[in-house]
Amino acid sequence: MTHSHSLRIIHVVIVLLIGVALLGPIALAQSIKVEGLIKARNGDTLTLQTADSASLVVLLTDNTEVGQVQGVFKARRKEMSMAALIPGLEVKIEGTYNDQSQLVAKSVSFKGNDLEQAQKIEAGMHETRVQAQQNKAELEKHNVALQEQQQQIAANKASIDAAVERFGQLDDYYILDEVTVYFGNGQVKVDPSYRPKLLALAEKAKTINGYVIEVKGHASSVGSVTLNQQLSEDRANEVVNILIQDGQIPLTRMLAPGAMGESQQTGKDTTAEGQAENRRVVVRVLQNKAIAGV
């Protein structure tokens, strides 16, 4: 082997080594996709359980896109708030790792209904059962239609069960403060007398490490199920707006507001006093027990 030939080989090796060194950071920055279950939420940080990791740390940023995939082929995407990313939710995340082995999320998506939608379906099941009883004789003449309805009810029940399981994840939280806001019959506007209480709750929450705020709207059973479901949703949203706009609570600290409709009644709807007690929004400041050190 000649001296010049040896130099050419050395030159090729050096070029290859430089190429590998340059491609290393690029490989680290390549986008990856993971699927898993949200185990915990601390503001802009998620703890994800995947097939490969029991506690993958995911960082949310102002540029993170959150969406719900829809349609038979999951081809459509509905933009969602970060508040929908609650413990117990199955998600798909695309992003890149930072130098601390944390996955910085570019996009987060999930299938099916979120917690609020599942609660709407649960309330709507009552009307579905009543309608099924009224139409039983007619449905017996149309067996195919009956089978389709039964399949739809089964699908709805599966969605409800999944939502209840996700909602049960909140058992891992301490309740550190609570305010109940009551409403007049058919009303959704928050009485001004409750505003100081809500703002005081917001200020207290800001002093708590890793806090999140849960808002659940309720209605009495007076009127139709559909109307009461909408009333409970509108009432919850009115309270959320006060906490975000006036209380300066970041969206990343708000759980998806729950529209509970006529479910979880606390007063007897046979009396005016009981009806008034059921027309309410319950606001709670929560802290994950793991974050609290327990």
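Residues that are of a type in the set (F, W, Y) and within 14 Å of F110 (Cβ to Cβ) within region 37-90 are absent altogether. Checked against (1) more than 15 Å from V179 (Cβ to Cβ); (2) surrounded by fewer than 18 Cβ atoms within 10 Å (Cβ to Cβ), D246 passes all but condition (1).
Filtering V215, V188, V239, V181 for residues that are surrounded by 17 or more Cβ atoms within 10 Å (Cβ to Cβ), part of a helix (DSSP H, G or I), β-branched (V, I, T) and not assigned by TED's automatic domain parsing to the domain that holds T47 leaves a single hit, V239.
So E277 ticks every box in (1) charged (D, E, K, R); (2) out of contact with any His (no Cβ under 6 Å at 6 or more places or on another chain); (3) closer than 22 Å to L199 by Cβ but one. Which box is left unticked? The single condition E277 does not satisfy is (3).
Out of the residues in region 268-293 meeting the condition of being basic (K, R) and loosely packed, with under 14 Cβ neighbours inside 10 Å, tell me which one is nearest to the chain's Cα centre (by Cα). Steps first, answer last, please.
Of the residues in region 268-293, the ones basic (K, R) are 268, 279-280, 284, 289.
In the following step, the residues that additionally are loosely packed, with under 14 Cβ neighbours inside 10 Å were identified as 268, 289.
Working: K268: 31, K289: 19 Å.
Per the stated criteria, the residue is K289.
Kindly evaluate R41 against the criterion of being modelled with pLDDT of 65 or more, charged (D, E, K, R), under 25 Å from V240 (Cα atoms) and under 12 Å from the mean Cα position of the chain (by Cα). Yes. Selection of strands (runs of 3 or more DSSP E) fully inside region 33-102 by the criterion of at least 3 residues being surrounded by 15 or more Cβ atoms within 10 Å (Cβ to Cβ) and out of contact with any helix residue (DSSP H, G or I) (no Cβ under 7 Å at 6 or more places or on another chain) returns 45-50, 56-59, 65-70, 90-97. Just one of the listed residues (V285, V240) is in contact with a Lys or Arg (Cβ under 9 Å, 6 or more places away or on another chain) and aliphatic (A, V, I, L, M), and it is V285. Within region 172-205, the set of residues being more than 24 Å from the chain's Cα centre (by Cα) and among the aromatic types (F, W, Y) comprises Y182, F183, Y194.
The values are calculated or read from the model by the stated rules, or taken from the named source; none is laboratory data. In this text, all values refer to a predicted model and were calculated from it rather than measured experimentally. Positions of Cβ are generated from backbone atoms using ideal geometry, with glycine treated the same way; all protein chains shown enter the neighbour counts.
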